[in-house]
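Below you'll find the structure, written out as structure tokens, and then a few comments.
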Amino acid sequence: MSDEEGGSFEFRTRNAGPIEKMDQLERSLLFAELAKVSYFEPHEAENILRQVGITTFEFFDRDGAQAYHFENDVDSVIVCRGTEPDDINDVKADVNALAVAAETVGRVHRGFKSECDQLWPMIERAIKDNRKSLWFAGHSLGGAMATICAGRCFLAHIDATPSGLYTYGSPRVGDRRYINFCDINHVRWVNNNDIVPRLPPRWFGYRHSGREMYINRKGQLAGITGMARSVDRLRGFGDSLLRLQIDQLSDHSIDEYIEAIAGISERRHAELRGPLGFRRRAQR
């Protein structure tokens, strides 16, 4: 993408305070944008991160498995990088869908576990003395890796319990026993026809974890399932054909997630302010 090549990116997130004090939409936007930054090289990311008060970071890279560790005064964030089509190890991880015994309970996707095995010693070392709020995030393959790494915190010999996990267009990671083992505040975003969250197929035994946040074809947060979701996806696909796109692929872009979440957040805040700009009291 052009902005990665130029090393430029403008954050929509304006709240640089403690992540714990953000509302869920603000957090979701921040972590989506940090997932975007994870695709930049370290020398490009350094200047970009100053926009949100992140002055310390570490880049982990081993055999194509990559992640960032971002820090400010109060927060520590692990963001795993998603699939890069020109990286053969990423491609192998995506297609290696056989399930293997997990390090916790149940069974987990072998390719995703292998990527995490490469990075975990470095991540564990980075957070072993952590006393800040700890967060995990990622897009695509990075979302799957973040899910596995967040779960490993419950087994590691470190005092580092995740405050939250935010994923975008993440594939399914493991079977029902595996995803139910750890009690993590997992917010899982799915954009309309994004094909990746539907992989690997459920009939392989894979399941999703966390609270799903579904974005409909109009870029709105919609709690629809079953036939209503199928109709929404079909209409979204028809709309994409008019734009000469393939919705199942274009909806997977992290840029699409950022744009949709930013729009949802802005509309929600406008509703709270009311027509005259006064902030309404939140309903209990």
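The values are calculated or read from the model by the stated rules, or taken from the named source; none is laboratory data. In this text, all values refer to a predicted model and were calculated from it rather than measured experimentally. Glycine gets a Cβ as well: all are built from the backbone with ideal geometry, and neighbour counts include every protein chain shown.
Can you find even one residue in the stretch 132-152 that is hydroxyl-bearing (Ser, Thr, Tyr), out of contact with any Pro (no Cβ under 9 Å at 6 or more places or on another chain) and in contact (Cβ under 8 Å) with a residue 60 or more places away in the chain? Within the stretch 132-152, one or more residues are hydroxyl-bearing (Ser, Thr, Tyr), out of contact with any Pro (no Cβ under 9 Å at 6 or more places or on another chain) and in contact (Cβ under 8 Å) with a residue 60 or more places away in the chain. Taking the stretch 106-221 and the strands (runs of 3 or more DSSP E) fully enclosed by it, the elements with 1 or more residues that are β-branched (Val, Ile, Thr) are at 107-109, 164-168, 186-191, 211-215. Residues that are part of a loop (DSSP other than H, G, I, E, B) and of a type in the set (Asp, Glu) within the stretch 14-41 comprise 23, 41, listed in sequence order.
The requirement of being surrounded by fewer than 23 Cβ atoms within 10 Å (Cβ to Cβ) and aliphatic (A, V, I, L, M) is satisfied by residue 158. Against the numbered list (1) more than 22 Å from residue 258 (Cβ to Cβ); (2) in contact with a Phe, Trp or Tyr (Cβ under 7 Å, 6 or more places away or on another chain), residue 189 comes up short only at (1). Can you pull out the residues in the stretch 122-149 that are within 21 Å of residue 39 (Cα to Cα) and not aliphatic (A, V, I, L, M)? Matches in the stretch 122-149: 135, 136, 138, 139, 140, 142, 143, 147, 149. When the stretch 24-45 is filtered for residues that are of a type in the set (S, T, N, Q) and either in contact with a helix residue (DSSP H, G or I) (Cβ under 7 Å, 6 or more places away or on another chain) or within 16 Å of residue 67 (Cβ to Cβ) (or both), the ones remaining, listed by number, are 28, 38.
Inspection of the stretch 140-151 finds no residue satisfying the criterion of being at pLDDT below 95 and surrounded by fewer than 24 Cβ atoms within 10 Å (Cβ to Cβ). Out of all the residues in the stretch 228-258, which are in contact (Cβ under 8 Å) with a residue 12 or more places away in the chain, surrounded by fewer than 16 Cβ atoms within 10 Å (Cβ to Cβ) and either within 19 Å of the chain's Cα centre (by Cα) or part of a loop (DSSP other than H, G, I, E, B) (or both)? Residues satisfying the conditions are 249, 255.
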